[in-house]
1. Which of Ser57, Ser125, Ser66 moves most in a GNM of the chain, Cα contacts under 10 Å?
2. For the pair Leu172/Val5, report the inter-label distance in nm, with labels modelled 7 Å from Cα in the Cβ direction.
3. Short version: ³J(HN,Hα) in whole Hz for each residue of region 123-138, in order, from phi by Karplus 6.51 cos²θ - 1.76 cosθ + 1.60 (θ = phi - 60°), x for Gly and Pro, what are they?
4. Show me, for region 61-68, the HN-Hα J-couplings you get by feeding each phi into the Karplus relation (A = 6.51, B = -1.76, C = 1.60, θ = phi - 60°), rounded to Hz, glycine and proline as x.
5. Just how far, in whole angstrom, is region 80-139 from region 161-217 if you go by their alpha carbon centroids?
6. How would you rank His60, His170, going from fewest to most other Cβ atoms within 10 Å of each one's own Cβ?
7. Enter the angle in degrees (range 0 to 90, nearest 10) between the Cα long axis of helix 183-195 and the first principal axis of the Cα atoms of the chain, meaning the one along which they spread out most.
8. What is the sum of charges, Lys and Arg at +1 and Asp and Glu at -1, for the other residues whose Cβ falls under 14 Å from the Cβ of Lys151?
Amino acid sequence: MKKYVAECIGTATLVVLGCGTAMLVGCDAASGSGYLLTALAFGLTIVAMAYSIGNISGCHINPAVSLGVLLTGGMEIKEFVCYVISQCVGALAGAGILALIFGTGGVEDKTGGFGSNGLAGVNGSPIAGLIVEIVLTFIFVIAILGVTSKKANHGSFGGLVIGLTLVVVHILGIGLTGTSVNPARSFGPALVAAFTGNTAPIAALWVFIVGPLVGAALAACVYKALED
């Protein structure tokens, strides 16, 4: 049970700090600093959580990462399901916290949807959005599988490598899809946005569930083939 609580807390923290930063600084094309700050917020949160809860749950805080671990034999299906549920609950809680902060504090949400993902950067094309999310998730998950492999020798720097990889994929992806690479991170903000009357993120949510899961599955298959 402690592992699932840790995953819930970690995912909530990722949404609060990552999506919250995006909401505060904005991520439009004219705000290059907003791109970088948001990318750093997501990446550094992963670093912090890796060294906080990594020894408890492995710090997946992402269903795509959990799928990659499952497919490479690192966890059982029952544990995977519990991880995903915990991550989604955490993401929803994190988005709820942001709704309380921005909804009652008079702070402008510069993303317009609690930091949820969208397809505006790919001209509304779900196919282009899927390609972006598959590729970025593939890169992110294969890096995680490599760093956390028993054959790896990264010492205590594994969490830093994973966090910096997330920064890099965000730097490219923010302007295209807002960078999900994490179905739970997309689910929480989209659902809370829908509760407040903005249903656009929900309409595109399937892209940010399917894309990362496909990317993670491909990463697991490729990594297993290369490792063997």
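What follows is calculated from the coordinates using simple rules that are stated; it is not laboratory data. It should be emphasised that the depicted structure is a prediction, and the values quoted were computed from it without experimental measurement. So basically every Cβ, Gly included, is an ideal-geometry build from the backbone, and we count neighbours across all protein chains shown.
1. So, out of Ser57, Ser125, Ser66, the one fluctuating most is Ser125.
2. 3.9
3. Per-residue couplings from phi come out as 6, x, 7, x, 5, 4, x, 4, 4, 4, 5, 5, 5, 5, 5, 4 Hz.
4. Whole-Hz 3J(HN,Hα) from phi for region 61-68: 6, 5, x, 5, 5, 4, 5, x.
5. Centre-to-centre (Cα) distance: 5 Å.
6. On the way: His60 30, His170 26.
Exposure proxy ranking, most exposed first: His170, His60.
7. 20
8. Numbers: positive: Lys150, Lys224; negative: Glu227, Asp228.
Charge balance in the 14 Å sphere: 0.
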